[in-house]
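Q: Take this structure, written in structure tokens, and hold onto it; I'll ask about it next.
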Amino acid sequence: MATRTPGELSTATRPVITAHEVRRSFGGTVVLDGVDLAIAPGEVVALLGGSGSGKSTLLRILAGLDPDASGEISRTGSQAVVFQEHRLLPWKRVVDNVSLGVTGGDVRQRVSAALAEVGLADRGRAWPAELSGGQAQRVAVARALVREPALLLLDEPFGALDALTRLRMQTLFGRLHAEHGFAALLVTHDVDEALLLADRTLVLDGGQIVENAPVPLTRPRAPDDPGFGPVRRHL
Ligand code: ADP
Ligand code: MG
């Protein structure tokens, strides 16, 4: 059993990420003007905001990809990122894209399991160019899942997909979240998507979080919830 100093929060309740006073300017333009947020383990937080409001900038900072931002970020677990475009390496097969940088003796099994979870068990030997947009994004999700992240950062992950594929991906996300229990920051400009998938929504405007509101718990969330909708349940 892990020892803790008295008064210290257990890892079960400590946020997976905390950001304090995050600021970022480009040239003279202030994009983020003091952003604070915290995400609890297993919590899905949607980040809404108009085009150019700084959502991607904030996500990159949270992902540790922007050395020029200021503020404090603390993390308690691993994280993985899914971007709007899949960012698969075209010269690597699907399995090799998913396993890239993953270590351990059971990598092959973990990659197979992740691909099976996103419905692509039989596409491991394919090249990225042979996949549809939706399949490629599923591979990007598998690549994130295989890292068993405590926090998934997703930047409009379904935004480039057609409506039906987007619905399928939202359903997949709900199922994966129910099974794995990762926390997620889901950047989206789709309010319906936020209400469907998130526990809480943040709105970014003028460089700050101007709204922070829980999503009512009454709405159906996972595909097997009664009321999720006959169409969604069969996707
Ligand atoms: P969102 O994702 O909400 O649409 P972004 O975070 O991509 O917004 O961009 C916020 C603002 O910051 C925009 O005005 C954008 O032009 C500017 N911006 C983002 N990245 C850069 C960069 N690398 N250099 C200059 N300006 C940038
Ligand atoms: Mg963006």
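Coordinate-derived values only; no laboratory data. Since the model is a prediction, treat every value here as computed from it, not as a measurement. Methodologically, a virtual Cβ is constructed for each residue, glycine included, from the backbone with ideal geometry; neighbour enumeration extends over all protein chains shown.
Q: So if the hydrodynamic radius of the range 19-121 is defined as the Kirkwood radius over C-alpha pairs, what does Stokes-Einstein give as its diffusion coefficient at 20 °C and 1.002 mPa s, in µm² per second? Numbers along the way, then the final one.
A: Numbers: Rh = 16.4 Å.
The estimated diffusion coefficient comes to 131 µm²/s.
Q: Cβ neighbours within 10 Å, averaged per peptide: list 161-171, 123-133, 102-112 in order, most packed at the top.
A: Working: 161-171: 16.9, 123-133: 14.6, 102-112: 13.0.
Final packing ranking: 161-171, 123-133, 102-112.
Q: Let me ask something additional. Determine, for F26, F173, the number of other Cβ atoms within 10 Å of each Cβ, and report the residues in order from fewest to most. Write down the numbers at each step before the final one.
A: Working: F26 10, F173 22.
Ascending Cβ contact count within 10 Å gives the list F26, F173.
Q: Another question, if that's okay. D for the range 59-108, whole µm²/s, Stokes-Einstein with Kirkwood Rh over alpha-carbon pairs at 25 °C and 0.890 mPa s: what number? Intermediate results must be reported in sequence, preceding the final value.
A: On the way: Rh = 13.6 Å.
Stokes-Einstein gives a translational diffusion coefficient of 181 µm²/s.
Q: Work out how much length L89 to Q208 would gain on full extension: take 0.36 nm times their residue separation and subtract the Cα-Cα distance, in nm to one decimal. Display every interim value, and only then the final one.
A: Values: separation 119, 0.36 × 119 = 42.84 nm, distance 3.47 nm.
In short, 39.4 nm is gained.
Q: Next question, about the same structure. Given points 7 Å out from each Cα along the Cα-Cβ axis, report the H20 to T76 separation in nanometres with one decimal.
A: A separation of 1.5 nm, rounded to one decimal place.
Q: Which of rounded, prolate, oblate describes the chain, given a ≥ b ≥ c as roots of the alpha-carbon gyration tensor eigenvalues and a/c under 1.5 marking rounded, otherwise prolate only if a/b is larger than b/c? Write out the running numbers ahead of the final one.
A: Values: a/c = 1.35, a/b = 1.29, b/c = 1.04.
The shape class here is rounded.
Q: Let me ask something else. Mind sorting L176, L154, L65 by how few other Cβ atoms lie within 10 Å of their own Cβ, fewest first? Provide the component values of the computation, followed by the final result.
A: On the way: L176 20, L154 25, L65 11.
Fewest to most other Cβ atoms nearby, the residues stand as L65, L176, L154.
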